[in-house]
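These notes are about the structure you will find just below.
The values are calculated or read from the model by the stated rules, or taken from the named source; none is laboratory data. Quick caveat: nothing in here was measured; it's all calculated off a predicted structure. Glycine also receives a Cβ, built like all others from the backbone with ideal geometry; neighbour counts cover every protein chain displayed.
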Amino acid sequence: MVRVREYVQRSIEPYLVQAMRDFAAVVLTGPRQSGKTTMLRESLGDSHRYVSLDAPDIRAAAMTDPRGFLAAFSPPVFIDEVQHAPHLLSYIKERIDADRDRKGQYILSGSQNLLLSEKVNETLAGRAAMLKLLPLTMREQAAQPAKPLPWEDGGHDRPCAAPLKHHESLWRLITRGSYPELTREPDRDALLWQASYAQTYLERDVRGIRQVGDLGGFQAFLRAIAARTGQLLNLAEVSRDIGVSHATGRAWLSVLDATYQVLLLRPYYANIGKRLVKTPKVYLTDTGLACYLLGMTAPEHAANGPMRGQLFETLVVGEIYKTLLHRGTEPRIHFWRTATGVEVDLLVETPHGLVPVETKVSATPRPEMGNTIRRLRADLGPAVLPGHVVHAGDLELPLGDEIRAIPYWRL
C-alpha cells in the first residue's frame, strides 16, 4: 500500500500571497530539496501554470527561443529551476513592463542564489520580491507554522506545552535534520538520503560554478566547515588545513553561502568602549547534513561526542534564523563576543531592543547559565531585553535578572 505524503504547511505562505499582491514577479530561492516546488505547487496549483527548466528539452527551448518560450507559457505561470536559464529574466522583464500593473504574473524558483540573485537585482529591480525557503522549522513540523517565538508571545506566564510529538528525541532530530523528505518519512534511511543529497549537491549545484574545479578539495572544505559549525571561522586556518589558498577558500565559502548550506553570523557592534571580535561564526543550515559530513551516523554518537554543544547551538540558531527568514525578510541576528572571550550566542534585533539567547546543551538549567547575558546587559544597558537560555531539558523556569531558561522545543 502506497502511503500518501501529508503536506506540511510552511510559515512563508502568507508572505508569498502578500508578495504576489504587491509585485509582478516573485523569486523564491533556497537549498535543493527544501520544499520550494512542493509549497509553490500546493499554493499555486489553481492559479498558475507550471513549467520546470530541469528537463533538458524545456531548458533548451527557454535558452534558444526565450520569447517563444514565454509566449507558450503565458502568465500567470510558475517557472521552476530558473537558475538553469538566468538570461530568461531579461525577457520576463520585457513582458512585465508591457503590463506593469498586473501583479503575480511570474513566480520563479531556483536552488542557487548566485547568478540568479545578481540577475534579479540587475533586471527585475522593483518588479520582483525575493523570498527564501530553508528546510523545515520545528513549528512547521508541529503543524504550528504561525507560532511566535517565545519572546514574541508575552508567554512567560503561560503554562508550558508538552514536547512536540515529532521530536521524541533531541539527538534523533539533530542527526536526521529538517529536510522535508526525512521529516515526512520518519522510517526512511537518513544516512542513505544524506549521502545522496551531498553527492547531488556536489554534482549539480557545485560542478557548474566557475570557482569550483576540484570537487574532491571542495568536499574536504565542506567537511572542515562542518567540523567548525557553531565556532568562530578562521578561514585562513581552514584553507591551510586542506591545502588550498586563502583566495580559494574564500571563493568556496561564497559558494556554500550562496547555495544556502551555511549561515555566517556576524558580530554585533556597539560603542561600548571595548574591542569586539570581527570574525564571523559559521553554522551549517542543517544539523543532519553536518552530522553526516562528520560521520555521526547515530543519535548516540552526536549526543556523547565532543561536538554535542556545537550541534545543539547549530540547531537553536538555525531554528530562530529559519523562523525569521520564513517571514519574508532577512533576519537581523548577531552574536556578541568580547576580546576576552565573553560571548552571548545570539542577539535578535527587534523594534523594542535586543533579545539575547544563550544555548546550553545541559538538561539542568542553573542561574549561572545566564552570566554572559548579565555581562551583556552591563555593557549595553537598557537596549537589552529579557534574555533566554535555551537548554536540552524539559524545565522552564526563571534564572533571575530577567533571564529565563526554556527547553529547546519551546522554540
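Quick notes on this one:
- Count of residues meeting criterion [surrounded by fewer than 19 Cβ atoms within 10 Å (Cβ to Cβ) and of a type outside the set (S, T, N, Q)] in segment 22-43: 4
- Picking from residues in segment 312-331 that are within 15 Å of residue 263 (Cβ to Cβ) and either among the hydrophobic types (A, V, I, L, M, F, W, C) or more than 20 Å from the chain's Cα centre (by Cα) (or both), the one that is surrounded by the most Cβ atoms within 10 Å (Cβ to Cβ) is 315.
- Matching option when the condition is crowded, with 21+ Cβ neighbours inside 10 Å and out of contact with any helix residue (DSSP H, G or I) (no Cβ under 9 Å at 6 or more places or on another chain), among 260, 269, 292: 260
- Looking across segment 215-255 at every residue that is part of a helix (DSSP H, G or I) and β-branched (Val, Ile, Thr), the one that is farthest from residue 295 (Cα to Cα) is identified as 248.
- Some residue of segment 302-311 being in the same structural domain as residue 385 (by TED's automatic domain parsing), of a type outside the set (S, T, N, Q), touching a strand residue (DSSP E or B) at 6+ places or on another chain (Cβ under 8 Å) and surrounded by 21 or more Cβ atoms within 10 Å (Cβ to Cβ): no
- Subset of segment 283-335 (residues that are part of a loop (DSSP other than H, G, I, E, B) and in contact (Cβ under 8 Å) with a residue 40 or more places away in the chain): 285, 286, 294, 296, 297, 298, 307, 326, 327, 328
- Conditions (1) modelled with pLDDT of 95 or more; (2) surrounded by fewer than 17 Cβ atoms within 10 Å (Cβ to Cβ): number failed by residue 389: (2)
- Residue in segment 332-341 that is surrounded by 17 or more Cβ atoms within 10 Å (Cβ to Cβ) and touching a His at 6+ places or on another chain (Cβ under 8 Å) present: no
- Scanning segment 188-218 for residues that are crowded, with 17+ Cβ neighbours inside 10 Å and closer than 11 Å to residue 255 by Cβ yields 201, 205, 206, 209, 212, 218.
- Condition met for residue 19 (in the same structural domain as residue 91 (by TED's automatic domain parsing), in contact with a strand residue (DSSP E or B) (Cβ under 8 Å, 6 or more places away or on another chain) and either in a helix (DSSP H, G or I) or crowded, with 20+ Cβ neighbours inside 10 Å (or both)): yes
A quick yes/no check of all residues on (1) among the small types (Gly, Ala, Ser); (2) assigned to a loop (DSSP other than H, G, I, E, B); (3) at pLDDT 90 or above:
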| site | (1), (2), (3) |
| --- | --- |
| 346 | no, no, yes |
| 349 | no, no, yes |
| 356 | no, no, yes |
| 365 | no, yes, yes |
| 370 | yes, no, yes |
| 374 | no, no, yes |
| 381 | yes, no, yes |
| 398 | no, no, yes |
| 404 | no, no, yes |
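- Members of segment 233-250 that are among the aliphatic types (A, V, I, L, M) and crowded, with 16+ Cβ neighbours inside 10 Å: 233, 235, 238, 242, 244
- Contact annotation: residue pairs with Cβ atoms under 9 Å, 6 or more positions apart or on different chains, pairing a residue in segment 51-69 that is over 10 Å from residue 79 (Cβ atoms) with a partner that is among the hydroxyl-bearing types (Ser, Thr, Tyr), are 59/52; 66/90; 66/91; 67/91.
- Consider segment 173-228 and keep the residues that are in contact with a Lys or Arg (Cβ under 7 Å, 6 or more places away or on another chain) and among the hydrophobic types (A, V, I, L, M, F, W, C). The one that is farthest from residue 37 (Cα to Cα) is 215.
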